[in-house]
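What follows is a short report on a single structure.
Just so it is clear, none of the values below were taken in a lab; they were calculated from the coordinates. No experiment lies behind these values; they were computed from the predicted model shown. Cβ coordinates were reconstructed from backbone atoms using ideal geometry, including for glycine residues, and neighbour counts include every protein chain displayed.
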Amino acid sequence: MMKRRLFSTSALVAVAFVLTACPTGTTTPAAPAAKVDVATGSNVQKSLAADAATGTKAVTVTFGNVSAAGSVEIKSTTTAPTLPSGVTLSTGGVFFDVTTSAKFDKATLCFENDKVVSGSKLLHYTDGKWNDRTASVAPPKICGDFTSFSPVAIVTGSLVAASPTPAPTTAATATPAATATPVATATATPTAAATATPAATTAAPTRATTQAPTAAPTEAPTEAPTAAPTVAPTPTPAPTASPTPKPSRTLTPDPPATGVMIWGIATDTSTGKVLEGVCITVGPPIGRCVAETDVNGKYLVDLGKSGNPPGIVWDIYGLKTGYTTFHSANFKVNDVPFRQDVQMRP
C-alpha cells in the first residue's frame, strides 16, 4: 500500500548517510547502513558513514537510556527555518534532519566534518527557534546534547541571544501612563466658572449643599475649581486595565462526523495533564508544524483540504521542548476522522 506524506513537495535532499547497528552499550561501529534499528538499553551508540557532499567524515548518535526500541535516520535537506542573524551555515547550504521512532531520555550527536573550526556551533531547531546545543568542539569534531531531534545545523559566528519578547511588553505598559497628560491639559483649558459646575457635583456634593444656604452664592464656585483638577486625573487610568485579559489561543473545534481528518489530545504520561503547544507533524518532522495543540491539549489536521483521498496510511510525530519526541504507529484514515492521541514523556 502506497504511503503519502502531507508535505510530499518539500525539497528534502537525501544524503547517503550510512548508519551502523550496534548492540546495547558502547561498541565499535560496524558496517554502515542507510537506516539503523535502535534497541532498548543504556549508552546505545549508532554510527553513520561519510558524506563527501557536506564534508562529513562520520556521525555518531549515543543514546543515554532507550526505553522503547525504534529506528534512527539522518538525511540532509536544503529546506529549514531561517538561521538567526550573526551565524553562517558551514555545510554549503545543507542542514541535517535527524528523526527517530525510539523513546529515549537524552542523546549526544557528534559530527566529524572538515568544515568544523574552533568557533563552530551545533544548532537545533525546536520550540519555534534555533537553540545552541554545542557540548564540545575539537576540530574536525563537534558534539551536542539533545532530548529530542529535528533539523540540525553546523554554523560559525556569534549567536545573538533572542530577547525581543520582553521589549513590546514594557512599551505597552508605559503607553497608558501618557494618557494622563492630555486629561490634565483639557481640564485646565476651560474657564474656571464652567469647570466648577460639573466638578462640584462629582467631587464633593455634600459640601456644596451644606454651604449654599449659609454662605454667599459666590463662594461655591470659588472652592470648586480647586478640587476639580485634583480629582479628574484619578479615574483616568482605570479603563486602561480592561484590554489586558484576552484569550491566548483559539480552541480547536471538534471534528465533524465525517471527513479525512486526524485529531487527538496530547498528555503528559507522568502527570496525566493535557499539554498545550505540542507541535504535530505528519511524517518525519521537518521544522514545520501542521497543527499545534490548544489549551485543552487538542489538535486537528484536515487532510481533505490538502486533496488527500481516504484510505491512505499515515503516521504522526509530536514535538515539545522538555519531552521525548512522540511517534505513532502507522494508521489508515478513511471518511471518518481518525483519533490518534499523543503521549509525551518528559
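As a footprinting exposure proxy, order Arg133, Arg345 by other Cβ within 10 Å, with the fewest listed first.
Arg345, Arg133
Just list whichever of Lys121/Lys332; Lys75/Lys320; Lys273/Lys305; Lys103/Lys305; Lys57/Lys332; Lys106/Lys332 have alpha carbons separated by over 29 Å in the model shown.
Lys121/Lys332; Lys273/Lys305; Lys103/Lys305; Lys57/Lys332; Lys106/Lys332
Net charge near Leu159, counting Lys/Arg +1 and Asp/Glu -1 over other residues with Cβ under 10 Å of its Cβ?
Result for the neighbourhood of Leu159: 0.
Check Ala68: other-chain or 5+ apart residues with amide H under 5 Å from its amide H, H built from backbone geometry?
Distant-sequence amide H within range of Ala68: Lys103.
On the first, second and third principal axes, largest extent first, how far apart are the outermost C-alpha atoms of region 19-157 in Å?
Principal extents (largest minus smallest coordinate, Cα): 40, 30, 25 Å.
Val313 label point, 7 Å along Cα→Cβ, cut-off 13 Å on backbone N: hits in region 324-346?
Correct set: 329-333.
Say R0 is 56 Å: what FRET efficiency, to the nearest 0.05, do Ser42 and Val336 get from their beta-carbon distance?
Rounded to the nearest 0.05, the efficiency is 0.85.
Work out, step by step, the length gained on full extension between Asn296 and Ala257: first 0.36 nm times the residue separation, then minus their alpha carbon distance; give nm to one decimal.
My answer for the length gained is 12.0 nm.
Only loop residues by DSSP count here, and only those with at most 16 other Cβ atoms within 10 Å; note down the trypsin sites (Lys or Arg not before Pro) in region 283-346 that meet that.
Of the trypsin sites (Lys or Arg not before Pro), the ones in loops of region 283-346 whose Cβ has at most 16 other Cβ atoms within 10 Å are Arg288.
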